[in-house]
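Peer 1: Before I ask anything, let me first share the structure, which is written out below as structure tokens.
The values are calculated or read from the model by the stated rules, or taken from the named source; none is laboratory data. On a predicted model such as this, the values are computed, not experimentally measured, just so you know. Every residue, glycine as well, gets a Cβ built from its backbone with ideal geometry; the counts of neighbours run over all protein chains shown. Side chains included, ligands, DNA and RNA excluded: accessible areas come from the protein's heavy atoms. Shrake-Rupley method; radii C 1.70, N 1.55, O 1.52, S 1.80 Å.
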Amino acid sequence: MPMDLKDKTGKNKHFITSLEFAIQGIKTVFQEERNMRAHVVFGLMAILVAFLLGVSVLEWLWIFLAVFLVWIVEIINTVFENVVDMVTDCHFHPIGKKIKDMAAGAVLVTSLFAIIVGVIIFLPKIIELFL
């Protein structure tokens with residue numbers, strides 16, 4: 001990157017440049033991580049169901065919180081996986097395994113949270129449709 005786009009610390013001076021890097025990061029995790037693609041599909045499905053069921057504003061907030069938390073934690077999990085692979089040169093290391101397992105556990109816990117939110121919001125509305 002040309003020096004005029006960076007300050008003396010090597011950081012980007014321009015918001016647009018930082019935004020481009022962030023968008024590239026999101027594209028990379030989406031392209032390279034099957035689980036991220038699945039989380040995006042499930043999140044968009046939850047948003048579609050919420051739209052179809054006519055959820056309240058408060059319910060929308062919970063749904064968006066749950067969906068975006070899963071996406072964010074999956075991105076962070078991918079970061080940990082990549083850092084461990086970089087540091088270990090893709091060789092097994094017991095501490096690297098612990099790090100990867102814990103990061104994956106964070107995704108699992110967040111996904112369970114999203115499922116609980118979905119059940120609490122959607123199940124009564126779906127049951128009501130059939131009664």
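Peer 1: Pairs under 6 Å by beta carbon, first residue in a helix (DSSP H, G or I) in the stretch 116-131, partner open to solvent by 90 Å² or more (accessible area, probe 1.4 Å), six or more apart or different chains?
Peer 2: As it stands, the answer is Val117/Trp62, since those pairs meet every condition given.
Peer 1: Also: Select, from Phe15, Phe64, Phe42, the only residue that is of a type in the set (Phe, Trp, Tyr), open to solvent by 100 Å² or more (accessible area, probe 1.4 Å) and closer than 30 Å to Leu129 by Cα.
Peer 2: After ruling out the rest, the residue left standing is Phe42.
Peer 1: Can you tell me which residues in the stretch 78-93 are under 24 Å from Leu108 (Cα atoms) and part of a loop (DSSP other than H, G, I, E, B)?
Peer 2: Filtering the stretch 78-93 down to residues under 24 Å from Leu108 (Cα atoms) leaves 78-86, 90, 92-93.
Result: Cys90, Phe92, His93.
Peer 1: Looking only at the stretch 77-109, which residues are loosely packed, with under 14 Cβ neighbours inside 10 Å and within 30 Å of Val49 (Cα to Cα)?
Peer 2: Gly105, Leu108, Val109
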